[in-house]
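The values are calculated or read from the model by the stated rules, or taken from the named source; none is laboratory data. Because the structure is predicted, anything quoted here is derived from the model rather than measured. Backbone-built Cβ (ideal geometry, glycine too); neighbour counts: all protein chains shown.
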Amino acid sequence: MQKVEPAQGRLRQVKNIDAGFEKPKQLELEGDILLKIDETNNSQLALDLYNKALKDAPNDFDILIKAGKCLDRKRDFESASKLFQRALVEQPQSATAMFRYGWARFRAGDKDEGLKNMRAAVKIDHTNISYVTKIAEVLMREGEPEHLEEA
């Protein structure tokens with residue numbers, strides 16, 4: 001909380017100094033600050049800000065990912081999938097977007113599509129151990145440990 005108040009103050013200063021500061025970025029930063037204050041209680045408020053930002057910047061990769069994360073936290077996996085898919089259109093080789101899209105698809109019940117995309121993310125970024133760990137966790141939970149080598 002101690003770091004959030006100065007961040008909010010700096011954001012206000014930037015807005016006052018630079019009237020041309022992009023509105024979508026302002027909204028994105030305000031959403032980021034809300035999530036830092038309290039991720040659980042402020043995810044809807046942050047999502048509202050990200051959605052406003054997306055109206056002015058509908059193809060902004062970072063905002064698409066952040067809005068998708070908020071929807072994922074709310075367990076709205078279908079809507080999260082759509083945003084992650086849009087992020088993939090903007091950056092087709094993004095391991096982050098690929099993995100998040102796969103994870104959301106998996107949690108939405110489309111397990112094959114989910115695993116396919118999570119594995120594709122590992123091929124893009126094989127150094128990200130959290131991707132491999134999540135896939136292994138999913139396979140163990142699904143009772144398919146024989147497929148661990150494919151992860």
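For region 57-100, filtered to residues that are crowded, with 23+ Cβ neighbours inside 10 Å and of a type in the set (Phe, Trp, Tyr), the residue that is farthest from Glu30 (Cα to Cα) is Phe99.
Here are some residues: Glu113, Glu137. Which one is out of contact with any helix residue (DSSP H, G or I) (no Cβ under 7 Å at 6 or more places or on another chain) and among the charged types (D, E, K, R)? After applying the criteria, what remains is Glu137.
The requirement of being within 26 Å of Leu54 (Cα to Cα), in a helix (DSSP H, G or I) and touching a Lys or Arg at 6+ places or on another chain (Cβ under 8 Å) is fulfilled somewhere in region 118-135, by at least one residue. On the stretch given as region 126-141, residues that are more than 20 Å from Ala80 (Cβ to Cβ) and either surrounded by 11 or more Cβ atoms within 10 Å (Cβ to Cβ) or modelled with pLDDT of 95 or more (or both) total 6.
Regarding region 100-115, can at least one residue be identified that is within 30 Å of Glu142 (Cα to Cα), of a type outside the set (A, V, I, L, M) and part of a loop (DSSP other than H, G, I, E, B)? Scanning region 100-115 turns up at least one residue that is within 30 Å of Glu142 (Cα to Cα), of a type outside the set (A, V, I, L, M) and part of a loop (DSSP other than H, G, I, E, B).
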